[in-house]
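Beneath this line is the structure, given in structure tokens, with notes to follow.
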Amino acid sequence: MVFEFYKYQGTGNDFILVDNREAVFRTSDVHFVRELCDRRFGIGADGLILLEHHPELDFKMVYYNSDGNLSSMCGNGGRCLVHFAQFLGIVKDRAVFEAVDGLHQATINHKVVSLQMKEVSRLLVQEGHVFLDTGSPHHVQMVSYLDGFDVYGEGKRLRNELYGDAGANINFVEQLSEDTFKVRTYERGVENETLSCGTGVTAVAIAMHQIGKTKSHNIYLKTLGGDLEVSFQKEATVYTNVFLIGPAVQVFKGNWSCG
């Protein structure tokens, strides 16, 4: 079997995208997904995303981490998939789709995709860090000198020691101004630092507002892969109308032959 794939990146967070509306992809083969995501023996990516048919909405998103396992919501991947749906002619400048954490709406303006994320009502504020779920579980921790910080070593330790087998994504944050933060993220499933994490910067923006580091409802996040923006409103104790905004870029397309 030969299938067509597209490679996308959203601020350096890269994905293999497959149009699976005809259900031709081997979705149950963990080793196959892992092989495709391998950067030396495969296509190379932080994850693989299937665009599938939905009976009522524009499409369905199915996301696999690079370890081959089905995972929780991926914000940058969702933005890339919306751009891909427009490229395929499924949507024009707006999309509504289902992901593992529920329904999402998005708008597309050239390469910039604004993706509505889930509401956040539960934040666990502890000494030294904040834990919250923005479609994926996130640990948010401020550091003083992020450029020289051991993101891989400390991220791996916290991911395993604090969160066990289920794990969590570990975000390290440095404040640059009232509404701007630098972020580096160790992602579970990838088990390494990625150039950007969409649900991660969303978690950082909300956490920084919750603990009083900013009063702004429009937060700018600088990652190793580029700049993102998160906007939200707060109603009582709930963060609503949460949007992740940034570029989604098609890098190349190809064909993979399954042995």
inquiry  = Within segment 168-197, take every residue that is surrounded by fewer than 17 Cβ atoms within 10 Å (Cβ to Cβ) and not in a strand (DSSP E or B) and give me the one that is farthest from the chain's Cα centre (by Cα).
reply    = 178
query = Looking at segment 1-62, what strands (runs of 3 or more DSSP E) fall wholly within it and have at least 2 residues that are of a type in the set (A, V, I, L, M)?
reply = 13-19, 47-52
query = With respect to the numbered conditions (1) without any contact (Cβ under 8 Å) to a residue 60 or more places away in the chain; (2) under 21 Å from residue 219 (Cα atoms), which one is the sole condition not fulfilled by residue 201?
reply = (1)
Count of residues meeting criterion [assigned to a loop (DSSP other than H, G, I, E, B) and either of a type in the set (Ser, Thr, Tyr) or surrounded by fewer than 16 Cβ atoms within 10 Å (Cβ to Cβ) (or both)] in segment 119-138 = 7
note = Residue pairs qualifying under the 9 Å Cβ cut-off, at least six apart or on distinct chains, with the first in segment 76-91 being over 23 Å from residue 197 (Cβ atoms) and modelled with pLDDT of 95 or more and the second being hydroxyl-bearing (Ser, Thr, Tyr) and outside any loop (DSSP other than H, G, I, E, B), are 87/6
query = Going by the structure shown, is residue 24 surrounded by fewer than 22 Cβ atoms within 10 Å (Cβ to Cβ), out of contact with any Leu (no Cβ under 8 Å at 6 or more places or on another chain) and β-branched (Val, Ile, Thr)?
reply = yes
note = Within segment 150-189, restricting to residues that are among the acidic types (Asp, Glu) and touching a strand residue (DSSP E or B) at 6+ places or on another chain (Cβ under 8 Å), the one that is farthest from residue 201 (Cα to Cα) is 154
ask   = In segment 204-259, which strands (runs of 3 or more DSSP E) lie fully inside it and hold 3 or more residues that are under 16 Å from the mean Cα position of the chain (by Cα)?
value = 218-223, 226-235, 238-247
key: Among the residues listed as 105, 141, the single one being polar (S, T, N, Q), surrounded by fewer than 23 Cβ atoms within 10 Å (Cβ to Cβ), in the same structural domain as residue 194 (by TED's automatic domain parsing) and over 21 Å from residue 5 (Cα atoms)   = 141
query = Within the set of pairs 6+ apart or on separate chains, which have a first residue in segment 26-38 that is over 17 Å from residue 51 (Cα atoms), a second that is among the basic types (Lys, Arg) and at pLDDT below 95, and C-beta atoms under 6 Å apart?
reply = 32/26
ask   = How many residues does segment 214-233 contain that are surrounded by 17 or more Cβ atoms within 10 Å (Cβ to Cβ), charged (D, E, K, R) and farther than 17 Å from residue 246 by Cβ?
value = 0
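Conditions tested, residue by residue: (1) over 19 Å from the mean Cα position of the chain (by Cα); (2) surrounded by 21 or more Cβ atoms within 10 Å (Cβ to Cβ); (3) of a type outside the set (Phe, Trp, Tyr).
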residue: 56; (1), (2), (3): yes, no, yes
residue: 89; (1), (2), (3): yes, no, yes
residue: 92; (1), (2), (3): yes, no, yes
residue: 98; (1), (2), (3): no, no, yes
residue: 112; (1), (2), (3): no, no, yes
residue: 117; (1), (2), (3): no, yes, yes
ask   = Given the structure, is residue 153 surrounded by fewer than 20 Cβ atoms within 10 Å (Cβ to Cβ), assigned to a helix (DSSP H, G or I) and among the small types (Gly, Ala, Ser)?
value = yes
remark   = Of 205, 236, the only residue that is aliphatic (A, V, I, L, M), over 23 Å from residue 70 (Cα atoms) and modelled with pLDDT under 95 is 236
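The values are calculated or read from the model by the stated rules, or taken from the named source; none is laboratory data. It should be emphasised that the depicted structure is a prediction, and the values quoted were computed from it without experimental measurement. Glycine gets a Cβ as well: all are built from the backbone with ideal geometry, and neighbour counts include every protein chain shown.
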